[in-house]
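Data block below; observations after.
The values are calculated or read from the model by the stated rules, or taken from the named source; none is laboratory data. Note that the coordinates shown come from a computational prediction; the quantities given were computed from them, not determined experimentally. Please note: Cβ atoms are built from the backbone with ideal geometry, for glycine as well, and neighbour counts cover all protein chains shown.
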Amino acid sequence: MVWVSSPWKIALMVFPAFILFTAFFVYPIVYAGGYSLTDAAGFSGADFIGLDNYLALVDDPFFRRSVSNTLLILVLSVTFLVPASFGLALLMQQRVRAAGALRALLFGPAIVAPILVGLVWVFILDPRVGLLNHLVEPLGIPPVQWIGGDSLTPYSIAVVFIWASVGFAMTIFYAGLQLLPREVMEASSLDGASRWQQLRFVTVPMMRETIGIVSLLLITNVFKIFELVYMLTGGGPVHSSETLVSYMYFVTFTDQRYGSGMAIAMVVFVIGAITSLAYLALSRRGRLA
Amino acid sequence: MPGQNLSWSRRLRRPVGAGLAVTAILSLAACSSDAGEGGKTTITLSMQNADVKSADPATWAIVEAFEEANPDVDVEVSGQPVAEHLQSLSIAAQSDTLPDVFWVYKANAEEMLEGDRLMDLSPVLDETGILERLPDSTVANYTADGKVFGAPYQGLLTGLWVNNKILADNGLSMPKTFDDLLEVARTLDAKGVVTISDGASQSAFSVWQFLVWLDRFGFQDKADGLLDGSEKWDNPDFIRMYEHIAELRDAGAFSSNVSTQTYQQAVDQFLQGKAAFLDSGVWAASAIQESEVAPDADFWRGPEFSDGTGEQNIVMNVASAPLVVAKKVAEDDAKLDAVKEFLEFYYSDEGQQILVDNGQPPVTDYEPKLDPVKQSVLKTAIDETREDGVTSPESQPDLLFPVDVSNAIYDSIYGVIQDQLSPSEAAALVQKALDNQ
């Protein structure tokens with residue numbers, strides 16, 4: 001009898017993945033972490049400066065703005081995107097006319113490159129030439145600064161992000177719903193459960209894993225938003241619509257402050273990891289309860 | 001005998017293998033040497049535009065003419081957008097694999113010179129007679145530790161392009177002072193016409209006109225102090241300059257989508273006759289020449305300020321970022337000769353006329369030949385530099401500082417234009433960047 005699960009065989013099989021993981025995940029993080037402790041600026045040498053880059057971030061109003069914008073987009077996305085995509089998946093499960101075409105239509109934005117999504121929405125949201133202001137103008141509403149103004153830009157980015165992601169999330173929910181055992185649903189019907197009760201006490205609890213996965217993907221995607229900001233506003237006016245990643249790009253590549261940029265990258269990594277782990281922990285607690 | 005054959009085959013295998021290896025090494029050496037196919041020497045030229053042929057036709061045309069005149073030299077041109085270009089240079093500088101000739105910001109060039117990555121061009125520029133044809137201020141600007149590290153890539157002649165028809169249609173005449181400009185802005189805003197076309201999205205650097213304003217508020221006198229820390233950016237003169245930008249903004253001078261439109265869209269706005277002025281430079285001359293606004297186009301050096309503290313009668317006509325040469329070029333005689341020939345051609349009268357033919361002013365003392373009809377737009381800009389008493393600052397203010405300070409300067413100007421920063425906050429933003437150096 002040959003035991004595949006002997007320790008050295010397991011180690012051998014894990015080794016290639018371990019090498020790849022180390023090379024493409026662990027090493028870049030360690031490298032970025034190391035650089036974040038230097039004053040690297042590209043063309044000159046990098047001197048060790050300890051935590052100065054991190055301390056400077058605390059005092060950087062643009063960085064604080066990028067954190068608050070990212071968190072705002074995160075909250076809006078989790079609040080609206082998860083229920084909306086779940087609701088759409090439930091709708092798709094019903095016998096809807098042209099359901100396939102509708103699914104394809106909803107999934108469409110997910111396969112469009114974010115840079116193009118941004119470009120399309122510029123023509124909708126631009127305060128001067130955008131479609132939206134042209135539509136509301138006949139109603140006597142003055143032009144609104146959907147993007148490029150003081151306050152609405154992060155909300156607009158969240159709306160575009162939700163629009164671009166809803167089809168993808170819906171598809172995952174739809175696949176999850178297809179896997180639910182029919183017997184359980186039938187049994188609940190026989191027990192006299194209403195549609196709402198079925199949804200609340202049967203469907204949602206059984207979909208908890210899928211909801212967790214979608215939420216996790218959503219959280220990580222929000223922390224990666226770059227192209228939408230780049231196309232919609234370029235991070236402006238004066239960095240007021242930056243997200244963490246777009247500001248990191250600006251600091252690293254436009255300002256050529258590589259050390260500071262890597263410090264932001266580490267902060268993004270830590271915030272993303274903590275948020276994801278916290279969410280997973282909460283989900284697990286909910287499952288065990 | 002099979003055994004004997006095998007033995008011969010084994011005996012032959014080693015020398016044949018060795019011969020093949022030597023041949024391969026020699027072939028590779030031949031490929032990597034400067035003398036390429038047909039005895040040609042290859043030099044690499046790396047620029048700050050993704051598509052040099054279309055985005056920088058002047059450089060492209062010079063390279064083509066140079067190759068035609070020097071069939072023994074092949075110039076490999078490559079280009080990337082500025083940020084990517086600088087990032088690639090940064091990596092190449094660390095591994096000493098810089099291109100032979102390349103465009104780079106002055107501050108970055110100084111860092112590379114300090115890191116011993118750049119060639120001292122003094123002997124080359126002296127030997128080829130280029131040095132004496134360049135303005136003293138340009139040579140001084142590109143000199144550090146007694147070494148000339150660069151030569152001007154193109155001229156930076158900036159100002160406001162004017163659509164005279166819009167002014168005339170609205171009963172306005174060409175402004176001269178800031179108060180005149182303010183009046184123009186108020187009148188045009190009331191009629192729904194954009195006064196100054198600017199675009200901040202992905203092009204925060206497009207504030208050339210306001211960089212001239214800094215000089216009109218004493219930048220030249222303060223430059224050394226700002227660099228050594230004895231002078232502050234948030235001084236009363238600069239704050240007053242920002243206040244004037246705010247006045248212009250409040251008069252409705254800028255487009256309501258200045259935040260979201262790019263520089264290219266700002267250019268389009270002007271070319272379509274939807275803005276009275278365009279904040280730009282001579283590089284826009286060709287596009288204007290080909291547009292419908294060409295017959296009405298004019299060039300203005302910008303307003304004079306009654307409360308200004310610097311020279312008022314100035315136009316920004318300086319060298320832009322430099323072309324530099326990697327130090328390793330000096331280690332290869334063939335390549336060094338090719339680079340010398342290239343630079344000699346670039347700054348020759350023929351090279352400078354190619355610049356002019358492609359909408360760029362000359363960077364040497366060459367007197368360009370301008371077609372008054374086909375180059376009427378460029379002519380207006382060059383004529384502006386020749387008006388009585390008009391002088392130029394030695395350098396554009398942002399080009400004297402490290403990139404992050406330059407970005408802070410752009411942010412401070414657009415911050416006021418977009419009503420995100422008060423004048424004092426704008427000045428403080430740049431001062432903070434200076435303090436961080």
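Could you go through the range B:182-203 and let me know if any residue there is at positive phi and free of Cβ contacts under 8 Å to residues at least 40 places away in the same chain. Spell out the reasoning first.
Start the filter on the range B:182-203 by keeping residues that are at positive phi, which leaves B:192, B:202.
Those still in the list that are free of Cβ contacts under 8 Å to residues at least 40 places away in the same chain too: B:192.
Within the range B:182-203, one or more residues are at positive phi and free of Cβ contacts under 8 Å to residues at least 40 places away in the same chain.
In the range A:227-245, how many residues are on the phi < 0 side of the Ramachandran plot and either surrounded by fewer than 20 Cβ atoms within 10 Å (Cβ to Cβ) or without any contact (Cβ under 8 Å) to a residue 12 or more places away in the chain (or both)? Before the answer, list the steps.
Taking the range A:227-245 first, the residues on the phi < 0 side of the Ramachandran plot are A:227-233, A:236-237, A:240-245.
Imposing the further condition that a residue be either surrounded by fewer than 20 Cβ atoms within 10 Å (Cβ to Cβ) or without any contact (Cβ under 8 Å) to a residue 12 or more places away in the chain (or both) reduces the set to A:227.
Residues flagged as on the phi < 0 side of the Ramachandran plot and either surrounded by fewer than 20 Cβ atoms within 10 Å (Cβ to Cβ) or without any contact (Cβ under 8 Å) to a residue 12 or more places away in the chain (or both) within the range A:227-245 amount to 1.
Could you name every one of the helices (runs of 4 or more DSSP H) located completely within the range B:16-97 that has at least 2 residues being modelled with pLDDT of 95 or more? I'd like the intermediate steps shown before the answer.
Working: elements: B:52-55, B:57-69, B:82-94.
The qualifying helices (runs of 4 or more DSSP H) are B:57-69.
Here's a check for you: in the range B:357-389, which residue that is surrounded by 19 or more Cβ atoms within 10 Å (Cβ to Cβ) and over 18 Å from B:Trp161 (Cβ atoms) is farthest from the chain's Cα centre (by Cα)?
Checking each candidate, the answer is B:Asp357.
What residue, of A:Ala175, A:Ala193, A:Ala187, is free of Cβ contacts under 8 Å to residues at least 40 places away in the same chain and part of a loop (DSSP other than H, G, I, E, B)? Full working, then the answer.
Numbers: A:Ala175 fails: part of a loop (DSSP other than H, G, I, E, B); A:Ala187 fails: part of a loop (DSSP other than H, G, I, E, B).
Only one candidate qualifies: A:Ala193.
Looking only at the range B:103-138, which residues are closer than 26 Å to B:Val405 by Cα and polar (S, T, N, Q)?
Those that are closer than 26 Å to B:Val405 by Cα and polar (S, T, N, Q): B:Asn108, B:Ser137, B:Thr138.
Any residue in the range B:242-249 that is assigned to a loop (DSSP other than H, G, I, E, B) and either within 14 Å of chain A (Cβ to nearest Cβ) or not aromatic (Phe, Trp, Tyr) (or both)?
Step one: list which residues in the range B:242-249 are assigned to a loop (DSSP other than H, G, I, E, B), which gives none.
Among the residues of the range B:242-249, not one is assigned to a loop (DSSP other than H, G, I, E, B) and either within 14 Å of chain A (Cβ to nearest Cβ) or not aromatic (Phe, Trp, Tyr) (or both), which makes the answer no.
Looking at the range B:187-208, is at least one residue closer than 30 Å to B:Ala109 by Cβ, in a helix (DSSP H, G or I) and either within 14 Å of another protein chain (Cβ to nearest Cβ) or touching a strand residue (DSSP E or B) at 6+ places or on another chain (Cβ under 6 Å) (or both)?
Just the residues of the range B:187-208 that are closer than 30 Å to B:Ala109 by Cβ, to begin with: B:198-208.
If we keep only those that are in a helix (DSSP H, G or I) as well, we get B:208.
Then drop every residue that is not either within 14 Å of another protein chain (Cβ to nearest Cβ) or touching a strand residue (DSSP E or B) at 6+ places or on another chain (Cβ under 6 Å) (or both), which leaves B:208.
Looking through the range B:187-208, at least one residue is closer than 30 Å to B:Ala109 by Cβ, in a helix (DSSP H, G or I) and either within 14 Å of another protein chain (Cβ to nearest Cβ) or touching a strand residue (DSSP E or B) at 6+ places or on another chain (Cβ under 6 Å) (or both).
Restricting to the range B:259-298, name every residue that is in contact with a helix residue (DSSP H, G or I) (Cβ under 6 Å, 6 or more places away or on another chain) and within 14 Å of chain A (Cβ to nearest Cβ).
Answer for the range B:259-298, where residues must be in contact with a helix residue (DSSP H, G or I) (Cβ under 6 Å, 6 or more places away or on another chain) and within 14 Å of chain A (Cβ to nearest Cβ): just B:Ala275.
Can you name every one of the helices (runs of 4 or more DSSP H) wholly within the range B:281-365 that holds 3 or more residues which are without any contact (Cβ under 8 Å) to a residue 40 or more places away in the chain? Let's see the steps before the verdict.
On the way: elements: B:285-289, B:333-346, B:349-357.
It comes to B:349-357.
Of all residues in the range A:158-196 being surrounded by 15 or more Cβ atoms within 10 Å (Cβ to Cβ) and of a type in the set (S, T, N, Q), which is nearest to A:Val78 (Cα to Cα)?
So, considering only residues that are surrounded by 15 or more Cβ atoms within 10 Å (Cβ to Cβ) and of a type in the set (S, T, N, Q), the one nearest to A:Val78 (Cα to Cα) is A:Ser165.
Taking the residues in the range B:392-415 that are over 22 Å from A:Ser260 (Cα atoms) and within 9 Å of another protein chain (Cβ to nearest Cβ) as candidates, determine which candidate is surrounded by the fewest Cβ atoms within 10 Å (Cβ to Cβ).
B:Gly415
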